[in-house]
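The values are calculated or read from the model by the stated rules, or taken from the named source; none is laboratory data. The structure presented is a predicted model; accordingly, all values stated were derived computationally and were not measured. Methodologically, a virtual Cβ is constructed for each residue, glycine included, from the backbone with ideal geometry; neighbour enumeration extends over all protein chains shown. Quick note on the areas: whole protein, heavy atoms, side chains included, nothing else; ligands and nucleic acids left out. Shrake-Rupley method; radii C 1.70, N 1.55, O 1.52, S 1.80 Å.
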Amino acid sequence: MKRVDPRVGLLRAARRLVLVMGAGALGAVVCSTGVYLFVPAPVETTGAGQSGGGTTLRSSPASVMGTSERRALDLLRRAGRAPSVINYQGTKLFKSWSRWGQITTTAYVRNVPGQGVTVIAHDGTGRGVSGERGSQLVSADIRPDFSDQALATLTQAYQLRVAATERLLGRSVTRIDVLRLSGTVVGKIWLDDSTGLTVQRELLDTAGRVIRRSAFTGLSILADPVVSQPSPSPSPAADDSGCDGGLSADELAGLADQGWDLPGTQLAGLTRMCARTVGTGDDRSIQLSYSDGLFTLSLFAQQGRLDSAIPAGFRRRQVGTTDVYLRCGLYRELSWARSGMVYTMVTDVPDATVVSVVDAVPTVSPDNGVLARMSKGIRRVGSWVDPFH
């Protein structure tokens, strides 16, 4: 059986994708364990922001929206348009918690309409609008996706409400709550009343614990920039959630006939937004991107078995009933092999949903012989993987 590295080719492909920060590039950021105390949480049955990977969706959400939800949706649409017209700069704090560790970092963020976003991490490295490599920050936390497609997916899995008017950074802001269909809060989004910008964002687990936070700690709205001509192409952070070059249903069926074990359109409460080929030849992977409008997950699949030499930052862990290699960060990265397939997942979903995905993929009975060959792990890991695009 062919030996494969699940990350070969992903670095090359990710350079054309929305990206800003992966845990591997931040030498000054420490992944600490034993800090986040987990207790049993109630089971939810909607979206990825629940404990068991349920798939319950709202039927015809537009027809059942009340006044508060419609206003919340309008404010989120405005927030999606704001970076294209608002010139701003500021500092931003990013935190992520899971049972496997926690990450905290800060960055300088500069947005110029028509040119894109420049991000410089606290250690002085970064990625500018020209796409040069450096430390990474997560695109969803720099510029949340409030496109029509993302909002349609969000309102199928969750409810929205205008929760309160508050003050952050000396500015008037409106907090939007995202609720599971059971009524519990899964997300909070603070929008600046003056500009529409997203100034803070939190994701919660079913016990009400914050598992992800991005927040401006300083924000300055600048004068409109003088732009001599439109940017010849959109910057990485300005890409939408489209699926250029995506695989059709017939192409995915053809891959299944060739022995590729790939999950379907629904996975642990998330909807598949795109499927595409990454790399060629022995480096070929299939990237499946899933979202519920709030949480995101990318699953890279290759035929073969894992190659040798565990890269720095990864550890061997048991997730559910499966042995995986895991690196914690603002996004968690997990790689595992079963049934002649190698899978790499990059995601911000809650821990219980991570377990649901690992247990569900592949969909056929595992080849126990593959597990015995996982002792040496993954090599040549590319850290530049966008978890959604």
>> Exactly one condition in (1) open to solvent by 30 Å² or more (accessible area, probe 1.4 Å); (2) small (Gly, Ala, Ser); (3) at pLDDT 90 or above; (4) more than 21 Å from Arg143 (Cα to Cα) is false for Ser228; which is it?
In response: (3)
> Which residues, taken from segment 201-222, are among the small types (Gly, Ala, Ser), assigned to a strand (DSSP E or B) and either closer than 17 Å to Ser96 by Cβ or open to solvent by less than 30 Å² (accessible area, probe 1.4 Å) (or both)?
Replying inline: Ser214, Ala215, Gly218
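For every residue, the table says whether it meets (1) surrounded by fewer than 23 Cβ atoms within 10 Å (Cβ to Cβ); (2) in contact (Cβ under 8 Å) with a residue 60 or more places away in the chain; (3) touching a Phe, Trp or Tyr at 6+ places or on another chain (Cβ under 7 Å).
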{"position": "Ala249", "(1), (2), (3)": "yes, no, no"}
{"position": "Leu252", "(1), (2), (3)": "yes, no, no"}
{"position": "Trp260", "(1), (2), (3)": "yes, yes, no"}
{"position": "Thr271", "(1), (2), (3)": "yes, yes, yes"}
{"position": "Asp292", "(1), (2), (3)": "no, yes, no"}
{"position": "Leu299", "(1), (2), (3)": "no, yes, yes"}
{"position": "Gly320", "(1), (2), (3)": "yes, no, no"}
> Restricting attention to segment 118-127, does a residue exist that is among the β-branched types (Val, Ile, Thr), open to solvent by less than 30 Å² (accessible area, probe 1.4 Å) and modelled with pLDDT of 75 or more?
Replying inline: yes
> Within segment 346-358, is even one residue modelled with pLDDT of 85 or more, closer than 23 Å to Met273 by Cα and assigned to a strand (DSSP E or B)?
Replying inline: yes
> Here are some residues: Thr33, Thr45. Which one is at pLDDT below 85, touching a Cys at 6+ places or on another chain (Cβ under 9 Å) and surrounded by fewer than 17 Cβ atoms within 10 Å (Cβ to Cβ)?
Replying inline: Thr33
> Is it the case that Arg316 is part of a strand (DSSP E or B), open to solvent by 30 Å² or more (accessible area, probe 1.4 Å) and not β-branched (Val, Ile, Thr)?
Replying inline: yes
